[in-house]
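J.: Sending over a structure as structure tokens; questions will come in a sec.
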Amino acid sequence: MEPIQGIHHITAFASDPQANVDFYHNLLGQRLVKTTINFDDPGTYHLYYADYTGSPGTLLTFFPWPGAQRGVRGSGEVGAVAYNIPTGSMGFWRDRLTRQGITVAEGETRFGAPVLTFDDPDGMPLELIATETPGTIQPWADGPIPAEHALRGFHSVTLWAARHEPTAALLTHVMGYTAAGEEQNRWRFVGAGSLGPVVDVLVNRSLPRGMMGVGSVHHVAFRTRDHDEQLEYREQLTRVGLSVTPVRDRQYFQSIYFREPNGVLFEIATDGPGFAIDEPVEKLGASLKLPPWLESERAKITQILPPFRVKPIDQETSHA
Ligand code: ZN
């Protein structure tokens, strides 16, 4: 069985879809590549942000719940999502975010790499980690960020956990990750693939259990190349005692879900068929897409969904 090829996507809860689009699409330059709904809850949007084509390893997705309560950070959930940036881009991002009134924290070094930390509009912790070898993405030429400073896909995800051992066993024995050391109770695991290869398990025994809400990450999905490989993983995960869902058709990929031993919801998703199956690449995200089995309910669904507008891109061309 081939190792997991890194992070496929990360899915979180937001409140206002407009603020979410403005922040990720216009400010961070993560293109809105799909506007669809939560297939399990059709009255809720599912918004996907990524590189130009929606490459696995760059996809951050949201279920916006206007007016819902914020989550409470705690154990058994994803505590932070980290993007890779080139080593020379730290100043660019500090300035860009600060100009928008966003509070950034700088100065932390993690396994030798500098980290810039800030929250999204719903309090979800984001990190930019500068590395010598950021992954290769499909650049968004008309996006707001000059190509040399664009986010370069995920660096890592940090799981908050009471113990690292059971998650370590799953990652290394089943998912093909390698243990890469420990630093300040942060246990690092590195997998295959160039985008989102790292999973950190941050151990804190005194944390209460996290409570899901706005600003919480719902799950992290990992990459498998095709359906057959996904089924092999399903069998293997079941064999080690995990309860895995049947394969679910997510239109742009196929998914299985299970809780890892510390309680974080994991998904294993196929690379294909991808985001260009129901609209051309240049039009990705521009209109509401529904899966074929919900198309007959389009009128009803669009009445429930709160409207939002994708504002024109304001390109930053030089370092202000
Ligand atoms: Zn997912």
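J.: So, of the residues in the stretch 244-299 that are among the basic types (Lys, Arg) and closer than 20 Å to Lys34 by Cα, which turns out to be nearest to the ligand (Cβ to nearest atom)?
T.: Arg250
J.: While we're here: For the stretch 170-191, name all the residues that are hydrophobic (A, V, I, L, M, F, W, C), touching a residue at least 24 places away in the same chain (Cβ under 8 Å), out of contact with any helix residue (DSSP H, G or I) (no Cβ under 7 Å at 6 or more places or on another chain) and not in a loop (DSSP other than H, G, I, E, B).
T.: Of everything in the stretch 170-191, those that are hydrophobic (A, V, I, L, M, F, W, C), touching a residue at least 24 places away in the same chain (Cβ under 8 Å), out of contact with any helix residue (DSSP H, G or I) (no Cβ under 7 Å at 6 or more places or on another chain) and not in a loop (DSSP other than H, G, I, E, B) turn out to be Leu170, Leu171, Ala180.
J.: Find the residue count for the stretch 200-219, including only residues that are under 13 Å from the mean Cα position of the chain (by Cα) and within 16 Å of the ligand (Cβ to nearest atom). It would help to see each step written out before you state the result.
T.: To start, the set of residues in the stretch 200-219 that are under 13 Å from the mean Cα position of the chain (by Cα) comprises 215-219.
If we keep only those that are within 16 Å of the ligand (Cβ to nearest atom) as well, we get 216-219.
Of the residues in the stretch 200-219, 4 are under 13 Å from the mean Cα position of the chain (by Cα) and within 16 Å of the ligand (Cβ to nearest atom).
J.: Quick check on my filter: what residues within the stretch 82-111 are among the basic types (Lys, Arg) and in contact with a strand residue (DSSP E or B) (Cβ under 8 Å, 6 or more places away or on another chain)? Spell out the reasoning first.
T.: We begin by selecting, within the stretch 82-111, every residue among the basic types (Lys, Arg); these are 94, 96, 99, 110.
The answer is Arg94, Arg110.
Results for (1) more than 23 Å from Ile145 (Cα to Cα); (2) within 16 Å of the ligand (Cβ to nearest atom); (3) acidic (Asp, Glu); (4) surrounded by 20 or more Cβ atoms within 10 Å (Cβ to Cβ), shown as yes or no for each residue.
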residue	(1), (2), (3), (4)
Pro3	yes, no, no, no
Ile10	no, yes, no, yes
Phe13	yes, yes, no, yes
Gln18	no, no, no, no
Val21	no, no, no, yes
Val33	no, yes, no, yes
Leu47	no, yes, no, yes
Tyr52	no, no, no, no
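J.: Pairs only if they're at least six apart or on different chains, beta carbon under 8 angstrom, first in the stretch 1-30 and part of a loop (DSSP other than H, G, I, E, B), second polar (S, T, N, Q) and within 16 Å of the ligand (Cβ to nearest atom); list them, first residue then second.
T.: These pairs meet every condition: Glu2/Thr224; Ile4/Thr224; Gln5/Thr224; Gln30/Thr58.
J.: While we're looking at this one, here's another question. Keeping to the stretch 283-307, report how many residues are of a type in the set (D, E, K, R) and over 26 Å from the mean Cα position of the chain (by Cα). First the steps, then the outcome.
T.: Residues of the stretch 283-307 that are of a type in the set (D, E, K, R), as a first pass: 283, 289, 295, 297-298, 300.
Imposing the further condition that a residue be over 26 Å from the mean Cα position of the chain (by Cα) reduces the set to 295, 297-298, 300.
Number of matching residues: 4.
J.: Same structure, new question: Do we find a residue being over 21 Å from the mean Cα position of the chain (by Cα), modelled with pLDDT of 95 or more and either buried (at least 17 other Cβ atoms within 10 Å of the Cβ) or among the charged types (D, E, K, R) (or both) anywhere in the stretch 116-133? Step through it out loud before you land on a result.
T.: Initial filter on the stretch 116-133 (over 21 Å from the mean Cα position of the chain (by Cα)): 132.
The next check asks that each one be modelled with pLDDT of 95 or more; those that pass are none.
No, the conditions are met nowhere in the stretch 116-133.
J.: I'd like the full set of residues that are hydrophobic (A, V, I, L, M, F, W, C), within 26 Å of Val310 (Cα to Cα) and crowded, with 17+ Cβ neighbours inside 10 Å, limited to the stretch 134-165. Quick ask: steps written out before the conclusion?
T.: Quick first cut of the stretch 134-165, residues hydrophobic (A, V, I, L, M, F, W, C) only: 137, 140-141, 145, 147, 150-151, 154, 157, 159-162.
Subset that is within 26 Å of Val310 (Cα to Cα): 137, 140-141, 145, 147, 150-151, 154.
Residues satisfying the conditions are Ile137, Trp140, Ile145, Ala150, Leu151, Phe154.
J.: What residue, among those in the stretch 201-216 that are touching a Ser or Thr at 6+ places or on another chain (Cβ under 7 Å) and either among the hydrophobic types (A, V, I, L, M, F, W, C) or free of Cβ contacts under 8 Å to residues at least 60 places away in the same chain (or both), is surrounded by the most Cβ atoms within 10 Å (Cβ to Cβ)?
T.: The extreme case among them is Val201.
J.: Within the stretch 269-312, restricting attention to residues that are of a type in the set (Val, Ile, Thr) and out of contact with any His (no Cβ under 8 Å at 6 or more places or on another chain), which residue is surrounded by the most Cβ atoms within 10 Å (Cβ to Cβ)?
T.: For the stretch 269-312, the residue satisfying everything is Ile301.
J.: Within the bounds of the stretch 35-44, is there any residue that is more than 16 Å from the ligand (Cβ to nearest atom), in contact with a Pro (Cβ under 7 Å, 6 or more places away or on another chain) and not hydrophobic (A, V, I, L, M, F, W, C)?
T.: No, there is no match, as no residue in the stretch 35-44 is more than 16 Å from the ligand (Cβ to nearest atom), in contact with a Pro (Cβ under 7 Å, 6 or more places away or on another chain) and not hydrophobic (A, V, I, L, M, F, W, C).
Residues are listed down the side, and each one gets a yes or a no for (1) under 30 Å from Arg234 (Cα atoms); (2) among the aromatic types (Phe, Trp, Tyr):
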{"position": "Phe266", "(1), (2)": "yes, yes"}
{"position": "Ala269", "(1), (2)": "yes, no"}
{"position": "Lys289", "(1), (2)": "yes, no"}
{"position": "Leu294", "(1), (2)": "yes, no"}
{"position": "Gln303", "(1), (2)": "no, no"}
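The values are calculated or read from the model by the stated rules, or taken from the named source; none is laboratory data. Because the structure is a prediction, the values reported are computed rather than measured. Every residue, glycine among them, receives a Cβ derived from its backbone with ideal geometry; neighbour counts consider all protein chains shown.
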